[in-house]
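Computed from the coordinates by the stated procedures, all read-outs in this text should not be read as laboratory data. In this text the structure is predicted, and so the values were computed from the model without any measurement. Cβ placement follows ideal geometry from the backbone for every residue including glycine, while neighbour counts extend to all protein chains displayed.
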Amino acid sequence: MTAEVKKSAEQKMHKTLETLKADLGKVRTGRAHPGILDHVLVDYYGTQMPINQVANVTLVDARTVSVHPWEKKMVNVIEKAIRESNLGLNPATAGDVIRVPMPPLTEERRRDLIKVVKHEAENARVAVRNIRRDANNALKELLKQKTISEDQDRRSQDEIQKLTDRYISEIDKALQSKEADLIVV
């Protein structure tokens, strides 16, 4: 019984951490990475598709992403989608290749992004703590039903606390890493 509660809590905490990392990956640092265009949708014959399903997205250098559409007539559609994506990017087309340079970030914008990143990390910490609370409530319920002993309850709560501490430290590491990326000029 307690093993199921702990396993469920750990899976949820892991998913929270993965979600945070994905969200942090979407925050632009001024350096190019192919994932920045993942959520940009392109009108592909009447269907909204992610760019990476209609083109190859690669890095040219540290500040430039290259998009090679699989179909020549998709070049203008993809370029328009990138321009209208609210990412602040200005793609340039050279034949059938779209180059997307990453503009450098201003100091004020860096500070704003750091605030956003800290807010995301705090939301992840709160989510992990809520998972801990739910797991502890489930353990208390098992104790009330006399399914587990008080010793098992105490041991399980300690293990869940250790899990919580581990995932919160992972969240803090991810936050520090992203802040370092944002600060680098």
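Here are a few things to note about the model shown:
- GLN145-LYS80 pseudo-label distance in nm [points 7 Å out on the Cα-to-Cβ vector]: 5.8 nm
- Computed across the chain, the Kirkwood hydrodynamic radius from all distinct Cα-Cα pairs reaches 19.2 Å.
- Distance (nanometres) between label positions extended 7 Å along Cα→Cβ at ALA94 and VAL116: 2.9 nm
- Residues ILE183, ILE51 in ascending order of nearby Cβ atoms (within 10 Å, fewest first): ILE183, ILE51.
- For q = 0.18, 0.25 Å⁻¹, Debye-computed log10 I/I(0) when each Cα of the stretch 132-185 counts as one equal scatterer: -0.63, -0.89
- Neighbour cut-off at most 15 other Cβ (10 Å), DSSP loop, trypsin sites (Lys or Arg not before Pro), the stretch 75-156: LYS146
- nm² value of the averaged projected area, convex hull over the Cα atoms of the stretch 34-101: 4.0 nm²
- Residues in the stretch 63-81 that a label on ASN56 would reach, taking backbone N under 20 Å of a point 7 Å out along Cα→Cβ: 63-79
- Computing FRET efficiency as 1/(1 + (r/R0)^6) for ARG63 and LEU41, where r is the C-beta to C-beta distance and R0 is 25 Å, gives about 0.55.
- Cα-only radius of gyration and Dmax that characterise the stretch 23-73, units Å: 11.8, 34
- Given LYS80/LYS115; LYS7/LYS173; LYS6/LYS173; LYS7/LYS162; LYS6/LYS162, the pairs whose alpha carbons are separated by over 19 Å: LYS80/LYS115; LYS7/LYS173; LYS6/LYS173
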